[in-house]
1. Return yes or no: is I522 touching a residue at least 24 places away in the same chain (Cβ under 8 Å) and assigned by TED's automatic domain parsing to the domain that holds C478?
2. Can you tell me which residue in the range 553-581 is farthest from G473 (Cα to Cα), limited to those that are in a loop (DSSP other than H, G, I, E, B) and either in contact with a helix residue (DSSP H, G or I) (Cβ under 7 Å, 6 or more places away or on another chain) or modelled with pLDDT of 95 or more (or both)?
3. For V282, all conditions in the list (1) in the same structural domain as T446 (by TED's automatic domain parsing); (2) within 16 Å of Y399 (Cβ to Cβ); (3) in a loop (DSSP other than H, G, I, E, B) hold save one; what is the number of the exception?
4. Kindly indicate the residue of the range 491-530 that is among the basic types (K, R) and under 15 Å from the mean Cα position of the chain (by Cα) and also nearest to Q298 (Cα to Cα) among those meeting that condition.
5. Out of the residues in the range 460-485 that are surrounded by fewer than 23 Cβ atoms within 10 Å (Cβ to Cβ) and in a helix (DSSP H, G or I), which is modelled with the lowest pLDDT?
6. Among the residues of the range 394-410, how many are part of a strand (DSSP E or B) and under 21 Å from the mean Cα position of the chain (by Cα)?
7. If I filter the range 532-552 for residues that are in a helix (DSSP H, G or I) and either within 27 Å of W166 (Cα to Cα) or without any contact (Cβ under 8 Å) to a residue 40 or more places away in the chain (or both), do I get at least one hit?
8. Tell me whether the range 62-72 contains one or more residues that are within 19 Å of N152 (Cβ to Cβ) and either in contact (Cβ under 8 Å) with a residue 24 or more places away in the chain or not hydrophobic (A, V, I, L, M, F, W, C) (or both).
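The values are calculated or read from the model by the stated rules, or taken from the named source; none is laboratory data. Quantities reported herein were computed from a predicted structural model and do not represent experimental measurements. Positions of Cβ are generated from backbone atoms using ideal geometry, with glycine treated the same way; all protein chains shown enter the neighbour counts.
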Amino acid sequence: MLFLYQLMRIIGLQNRYLQFGLALLSGLLLGLAWHKPFTPLIFIGFVPFLVAEYQNYQQKHQQKARKSWLLAMGALLVWNFTACGWLHYVGWSAFLFAVIANSFLQSLPFLAFHFFRRKIQQSWAYASLPIFWITFEKLHTTDWGFSWTWLNLGNAFATLPAWVQWYEYTGVFGGSLWVWLVNLFMFFAIIGTIQSKIQHQNQPANDRPHKGLKSLLGVGISLVSLSASFLLPLLLSLLLGFTYEEKGKAIEVVVVQPNFDTYTEKFFYNARTGELNLTTAVSFEKQFNIFLELTKQQATNETALVLFPETSIHDDRQTEWNEAIEEPSADSHPYVKRLAEFRAAYPKLSVLSGTDSYVFYYNSPQPPTATAHLHSPNTYYDVFNAALFLDTQNKPSFYHKSRLVVGVESNPLRSVLGFLQKTVMANFSGLIGDLGVQAERQVFTTADQAKAAPIICYESIYGEFVTEYVKKGATILCILTNDAWWDDSSAPRQHFSFASLRAIETRRAIARAANTGISGFINAKGEVLQRIEYGEKAALRGKLILNDYQTFYVRFGDWIAKGCIGLAVLLLVWAVVVKKKV
């Protein structure tokens with residue numbers, strides 16, 4: 001704090017370049033917090049921006065709101081770029097659009113705060129900042145076209161599960177509140193120190209001891225609040241983690257990581273170059289054989305469940321449905337039949353695999369995602385990113401991924417461009433239209449009576465969404481994903497670590513199968529038990545403990561965020577009716 005004060009004193013806090021420099025510093029600190037081992041920087045990430053924004057607000061000029069928004073945008077752009085720079089693997093234009101769009105959306109809570117503070121002219125208006133921010137985070141997790149929860153503040157602790165064991169009560173929004181409280185008390189302490197120095201210098205010599213003592217008391221209260229806001233949740237988490245004990249039946253699970261390059265090996269079409277992989281693509285039959293070979297290396301007569309990654313099983317026949325499997329006839333599909341024969345050698349074994357599938361609708365009501373068949377009148381179909389479950393009775397069942405990746409699996413502008421889907425671009429279901437989804441979550445039951453939640457890729461970053469599986473009876477969480485689209489960047493590591501938060505929130509053990517990594521097992525405390533690193537071809541066997549207890553968070557969901565939404569509405573209504581004082 002003293003260093004920051006001296007720097008401001010030397011350069012001059014009113015200097016606009018310093019203010020923008022502080023804002024950019026905030027963005028860098030926040031972005032680094034998404035990369036291990038820099039997570040603790042999240043507790044000071046907003047402080048430089050808050051100091052710069054506060055000083056901007058103190059200035060007497062007509063462009064305060066505009067400059068405040070520009071300071072926020074500067075910080076948010078750097079944050080998004082630093083934390084999610086791996087998005088450029090999908091293309092620089094898509095990356096820049098995502099960064100700019102998300103930064104703009106994140107700036108809305110700061111605009112709401114600026115409006116509220118300007119109306120009420122009270123220092124406690126800063127209490128509205130976490131309320132507006134968490135409201136935004138919650139609204140951003142809803143199933144709307146541009147939903148993006150990756151940078152919710154509470155996600156930053158994914159690599160430090162021991163710090164947030166109380167997520168079983170609050171979910172990640174408890175972490176977001178924690179981050180804001182520590183940042184605000186740090187900010188108050190810094191501003192209090194600066195103001196006390198200024199007041200001390202401006203006071204007559206005979207008044208300085210009295211005024212100085214009063215200012216020092218205020219700074220001391222801020223420091224005590226800062227220490228308490230940081231330490232108490234941390235100590236509570238350590239206590240919960242130390243006393244929590246997994247209880248229940250253990251089952252043996254195998255996860256398979258085949259390590260196919262998504263761009264050159266796994267598919268015949270190279271999504272990066274737009275060309276066909278004529279010489280590099282691995283045939284679907286060879287891919288399937290590799291899955292069976294890896295499984296044989298680890299499966300035993302006690303193995304209850306084997307997991308293959310997202311989109312592992314395909315159809316060799318080239319169709320307009322992109323090598324997808326027709327669901328009603330899945331039991332006669334060659335690979336499903338071979339999988340059933342393989343499974344029969346293991347008495348308890350069930351298989352959960354990612355796949356692509358499709359369903360036809362003939363002269364019947366269709367879901368809004370259905371696409372018109374080009375050559376068959378009154379016929380529609382849905383294509384799904386699905387999970388295929390094969391139980392000991394060899395009966396295939398399907399779950400359809402329901403939180404889709406924007407632009408790749410869903411079209412957020414469907415209401416505008418939807419008319420094209422029924423006409424000239426009907427066959428580009430995954431581009432102009434949406435993949436199909438299902439309304440409710442689903443669980444699959446193994447021979448050992450384990451109830452497995454089939455969570456596909458992007459779905460695993462939505463806390464309250466995952467609790468819907470648990471409410472359906474899930475006793476173990478299974479994540480099927482393909483993170484190879486982002487190559488060997490920070491994305492697969494961040495995505496893997498987020499699973500620890502889902503484990504804590506639900507107190508469910510997790511098995512995770514990823515195409516190129518990271519695959520592994522996580523216990524109900526969010527601790528990684530075993531893992532296969534990125535880029536390795538392997539299978540892994542482990543034992544996970546089943547749990548049928550529903551945590552407070554499972555039962556009540558994002559109660560903190562929902563409360564913040566109500567408070568945000570009340571604060572904005574109050575600000576509207578309050579007469580402007582300046």
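1. No, not satisfied.
2. In this case the residue turns out to be K580.
3. Of (1) in the same structural domain as T446 (by TED's automatic domain parsing); (2) within 16 Å of Y399 (Cβ to Cβ); (3) in a loop (DSSP other than H, G, I, E, B), only one is false for V282: (2).
4. Keep residues of the range 491-530 that are among the basic types (K, R), which gives 493, 502, 507-508, 512, 525.
Now restrict to residues that are under 15 Å from the mean Cα position of the chain (by Cα): 493, 502.
On the way: R493: 24, R502: 26 Å.
Restricting to residues being among the basic types (K, R) and under 15 Å from the mean Cα position of the chain (by Cα), the top hit is R493.
5. Step by step, filter the range 460-485, then rank; the result is W485.
6. 4
7. yes
8. The answer is yes, given that some residue of the range 62-72 is within 19 Å of N152 (Cβ to Cβ) and either in contact (Cβ under 8 Å) with a residue 24 or more places away in the chain or not hydrophobic (A, V, I, L, M, F, W, C) (or both).
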